[in-house]
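Peer 1: Just passing along the structure, written as structure tokens.
What follows is calculated from the coordinates using simple rules that are stated; it is not laboratory data. Keep in mind that what you see is a predicted model, and the values were worked out from it rather than measured. Here the Cβ is made from the backbone with ideal geometry for all residues, glycine too, and neighbour counts use every protein chain on show.
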Amino acid sequence: MAKLKHFGNLNIKHYVIFITFLGLVSCNSNAEHLTELTGSQIAIDTTYATVDSIQKFIQPYHDRVESILDSTLTYAPYVISKTDGKFNTTAGNLMADIVLSETNPIYKKRTGNSIDLVLLNHGGIRSIISKGNVTSRTAYEVMPFENSVVVVALKGTSLLKLADYLVKSKRAHPVAGMQLILNKDNSVKSFTIDGKPLDKDKTYNVATSDYLVTGGDNMSFFKEALSKTETDYKIRNAMIDFFSKVDTLTPKVDLRYYQLQ
């Protein structure tokens, strides 16, 4: 009888385990799966009333941010624009010069090398700098994107493609550290880096934006980079740092890129 009793207990345990297993399988087979994802646009406008408690909470932070953005950093005695020159402009020259002067110490500290030249894109400049006080807000208006500076190593042969790109694009892309002179027929008369003729076999360190280094604006020559160094330095922050150091902004249309007449 004892054996039959233990045999019955064993069968009951197996039965419970079997039923539990079936239950788990049944649950898994009925598990819900996401089959469709939809979304809708909710306009935030004047139909939404301000919540006083939230407004009161964020107001001090809002006021602090506004005061920082509108604090005067420097002064522009005239309008600085990206359309006041054919081959180079006051805004473009200012941007490129800022990237060179503000990023070079960072790059040199990290690598022991110096930046040879800068190339940015004309379309990246989104606003003029009006005559008058210049603030941090000005930097956000001119450069609203989160682009940061990247320094790439390019052979001289790749820089010849860079020069060819500048000629064919017919736009005043911001450059610094170089001079490109064109003949009347748009052929290149001279191309110098830091006052020295381009050496096809030399490697040059070119500062640009993280957008352009991936081929943005069809600058495919950047894909020939031998190396890339991320500076983690936003172009906008470089502008703000530069504005904080100078009393007056005086960029000029100059001879860094021009055509003989």
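Peer 1: Rounded to the nearest 0.05, what FRET efficiency do residue 183 and residue 83 give with R0 = 22 Å and r taken as the Cβ-Cβ distance? Could you check? Please list the in-between numbers first.
Peer 2: Numbers: r = 25 Å, r/R0 = 1.12.
Calculated transfer efficiency: 0.35.
Peer 1: Report the GluC sites (Glu not before Pro) located in region 146-238 that are in a DSSP loop and have at most 11 other Cβ atoms inside 10 Å of their Cβ, or state none. Write down the numbers at each step before the final one.
Peer 2: On the way: sites: 146, 224, 230; in loops: 146.
Loop-located and lightly packed - 146.
Peer 1: For residue 101 and residue 157 in the same chain, what is the full-extension length gain: residue separation times 0.36 nm, less their Cα-Cα distance, in nm? Present the calculation step by step, with values, prior to reporting the outcome.
Peer 2: Working: separation 56, 0.36 × 56 = 20.16 nm, distance 2.54 nm.
My answer for the length gained is 17.6 nm.
Peer 1: Once region 54-201 is represented by equal point scatterers at the alpha-carbon sites, with solvent omitted, what log10 I(q)/I(0) does the Debye formula produce at q = 0.13, 0.20, 0.21 Å⁻¹?
Peer 2: -0.71, -1.31, -1.38
Peer 1: Please give, to one decimal in nm, the separation of the simple spin-label points placed at residue 141 and residue 126, each 7 Å out from Cα toward the Cβ.
Peer 2: A separation of 1.3 nm, rounded to one decimal place.
Peer 1: Starting from the Cα of residue 155, draw a straight line to each of the aspartates and glutamates and keep only those under 18 Å, dropping any in the same chain fewer than 8 residues away.
Peer 2: Candidates past the 8-residue exclusion: 116, 164, 194, 199, 201, 224.
Peer 1: Then there is this: For the chain, what is the largest minus smallest coordinate of the Cα atoms on each principal axis, given in angstrom and ordered from greatest to least?
Peer 2: Projected onto its principal axes, the Cα set of the chain covers 116, 58, 36 Å.
Peer 1: I've got another one for you. For region 31-114, what is Rg from Cα atoms divided by 2.2 N^0.38 Å, rounded to two decimals? Mind dumping the intermediate values first?
Peer 2: Working: Rg = 23.9 Å, N = 84, 2.2 N^0.38 = 11.8 Å.
Compactness ratio reported: 2.02.
Peer 1: Could you pull out every one of the lysines with an alpha carbon less than 22 Å from that of residue 170, ignoring same-chain neighbours closer than 8 positions?
Peer 2: 82, 86, 161, 184, 189, 223, 252
Peer 1: Could you compute the longest span of the chain free of chymotrypsin sites (Phe, Trp or Tyr not before Pro) located in DSSP loops and having at most 16 other Cβ atoms within 10 Å, not counting the site residues?
Peer 2: Details: sites that count: 48, 78, 145.
Answer - 146-261.
Peer 1: For residue 200 and residue 66, what is the calculated FRET efficiency with R₀ set at 41 Å and r taken between the beta-carbons, to the nearest 0.05? Don't skip to the end; give the middle numbers.
Peer 2: Details: r = 52 Å, r/R0 = 1.27.
The calculated FRET efficiency here is 0.20.
Peer 1: Still on this structure: What is the mean projected area of the alpha carbon convex hull for region 190-261, to one decimal in square nanometres?
Peer 2: Numbers: hull surface 29.5 nm².
It is 7.4 nm².
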